[in-house]
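Below is one structure; the comments refer to it alone.
The values are calculated or read from the model by the stated rules, or taken from the named source; none is laboratory data. This one's a predicted model, so the numbers in the text were calculated from it and none came from an experiment. For neighbour counting, all protein chains shown are included, and Cβ atoms are generated from backbone atoms with ideal geometry for every residue, glycine included. The area values use the complete protein model at the heavy-atom level, side chains included, leaving out ligands, DNA and RNA. Shrake-Rupley method; radii C 1.70, N 1.55, O 1.52, S 1.80 Å.
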Amino acid sequence: MTDKSSNAMWGGRFAAGPDAIMEAINASIGFDQRMAAQDIAGSRAHAAMLAATGIVSDSDASAMRKGLLTVLSEIEAGRFEFSTALEDIHMNVEARLKALIGEPAGRLHTGRSRNDQVATDFKLWVRDQIDAAIEGIEALIAALLDQAEAGADWVMPGFTHLQTAQPVTWGHHMMAYVEMLGRDRSRFSDARARMNECPLGAAALAGTSFPIDREMTARELGFDRPAANSLDAVSDRDFALEFLSTASICAMHLSRFAEELVIWSSAQFRFVTLSDRFSTGSSIMPQKKNPDAAELIRAKIGRIFGANVALMTVMKGLPLAYSKDMQEDKEQVFDAADNLMLALAAMEGMVKDMTANRDNLAAAAGSGFSTATDLADWLVRALGMPFRDAHHVTGSLVALAESRGCDLPDLTLDDMKGVHGAITDDVFSVLGVQNSVASRMSYGGTAPDQVRAQIARWRERMA
């Protein structure tokens, strides 16, 4: 007699009872099939090592390696039938290999475990994603360098608190993001170097009694060395966490730039015009041109941040060595990697296609008393005034200009002398925005010559 109340507890989706639920919660093939190429590469390296050490015959290893290529070709062609009953990519590949080559397939798993196998596959996959991320970052840097070079001497307002602060150049602003992305590139490179140790051969957790050659498999798979501790090798997910944390910082930079593009492309700013390729219209308002690509980059970043927190939460309470919890390490990494690459590609496209509206930038650069600091600096240099006193005098002049409804350069010399009698007409030489940016010649400053020097430095680094 069927216990209907028991089945009702499981819900209609799992009418078959506990076995169906266990299969559903235990299986990972629905997502870890993305690691098929890495799984097969690891198995081919392992088979070659087993033959080289005499653990299996050359003929068996050859059959394994050729059969694995056949499996890979079936997967890549979309002809492979994945089975949930076989749980994961490792067992699916091994079952198909046995169907293709028979008994030798059963020897492939000698000297290893699914624990070190999955750690190796996942590490290879993350390493590939790091390489792809670095490539995407470099493409975006190249687009920013082109924008910076084109507008190395175009003036625009620099902001603090989103209030006009001092004039800068378009090139200088673009180069700020180059520096951010350069750090992202460096972090990914550092993470890649740190993770490049091979878990294969650590077996379940204690190593193996077979005379395997871990240096050989590490070398075959492009690792620098084998992981030094078998317990750590199978339970380490630092490489995935470091990928996610680095991706999160990079994504944050993309989100900051996306926010600026949303603001700059608005009717109130009109600093940039985004191309139609990365904008959409409104279903009801025909005048609208919405910066949807920038907005979606800004939103997708939350998924990358979330993935980082999710995996940290999975790992935080796990004793050594492997626990099944660690099966939950992949989906969020896959999703974060996909969204990071999409965000990088979209941002590169927007930067390459966008047009900076030079006249609007220049008009905004001179507004909001943006040369007030230049005036204060002049008072210090020309009159020997302590900076705090100069700051006070400049503030009084700004208040005067504000009451007159004009900007600082529009005040007369007599107006200025009325605030401080020692001011001379030389003060007007520092009040123009072009003069302001040209004077910022300190290393890393906004002067066009400094911007061009930084562009040249980066082009050399990227060569």
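Can you go through L145, L261, L231 and tell me which one is crowded, with 22+ Cβ neighbours inside 10 Å and either free of Cβ contacts under 8 Å to residues at least 60 places away in the same chain or not in a strand (DSSP E or B) (or both)? Break it down into steps so the answer makes sense when it comes.
On the way: L145 fails: crowded, with 22+ Cβ neighbours inside 10 Å; L231 fails: crowded, with 22+ Cβ neighbours inside 10 Å.
None of the others qualify; the one that does is L261.
The residues listed here are S248, S230, S255; of these, the one that is touching a Leu at 6+ places or on another chain (Cβ under 7 Å) and at pLDDT 95 or above is S230.
Tell me whether the range 210-221 contains one or more residues that are farther than 29 Å from A343 by Cα and hydroxyl-bearing (S, T, Y). So far as the range 210-221 goes, yes, one or more of its residues are farther than 29 Å from A343 by Cα and hydroxyl-bearing (S, T, Y).
Against the definition (surrounded by fewer than 21 Cβ atoms within 10 Å (Cβ to Cβ), more than 29 Å from A139 (Cβ to Cβ) and touching a Leu at 6+ places or on another chain (Cβ under 9 Å)), how does L221 come out, yes or no?
no
The set of residues from the range 234-248 being assigned to a helix (DSSP H, G or I), buried (at least 18 other Cβ atoms within 10 Å of the Cβ) and not polar (S, T, N, Q) comprises V234, F239, A240, L241, E242, F243, L244, A247.
Summed over the range 385-410, the residues that are open to solvent by less than 60 Å² (accessible area, probe 1.4 Å) and assigned to a loop (DSSP other than H, G, I, E, B) give a count of 3. Residue count for the range 165-179 under the criterion of being more than 30 Å from A337 (Cβ to Cβ) and crowded, with 18+ Cβ neighbours inside 10 Å: the result is 7.
Among residues of the range 203-222 that are under 18 Å from D39 (Cβ atoms), those with a Cβ under 7 angstrom from a residue that is among the basic types (K, R) and surrounded by fewer than 18 Cβ atoms within 10 Å (Cβ to Cβ), sequence gap 6+ or separate chain, pair up as A218/R225. Taken over the range 433-446, residues that are among the hydrophobic types (A, V, I, L, M, F, W, C) and touching a residue at least 12 places away in the same chain (Cβ under 8 Å) amount to 2.
One line per residue, one yes/no per condition, for (1) free of Cβ contacts under 8 Å to residues at least 24 places away in the same chain; (2) of a type in the set (D, E, K, R):
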| residue | (1), (2) |
| --- | --- |
| A372 | no, no |
| F387 | yes, no |
| D414 | yes, yes |
| V419 | no, no |
| D426 | no, yes |
| W458 | no, no |
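If you filter the range 148-164 down to residues that are under 20 Å from V262 (Cα atoms) and out of contact with any helix residue (DSSP H, G or I) (no Cβ under 6 Å at 6 or more places or on another chain), you find that the one that is surrounded by the fewest Cβ atoms within 10 Å (Cβ to Cβ) is H161. Every residue in the range 343-370 that is small (G, A, S) and not in a helix (DSSP H, G or I), please. A356, G366, S367, G368, S370 - these are the residues of the range 343-370 that are small (G, A, S) and not in a helix (DSSP H, G or I).
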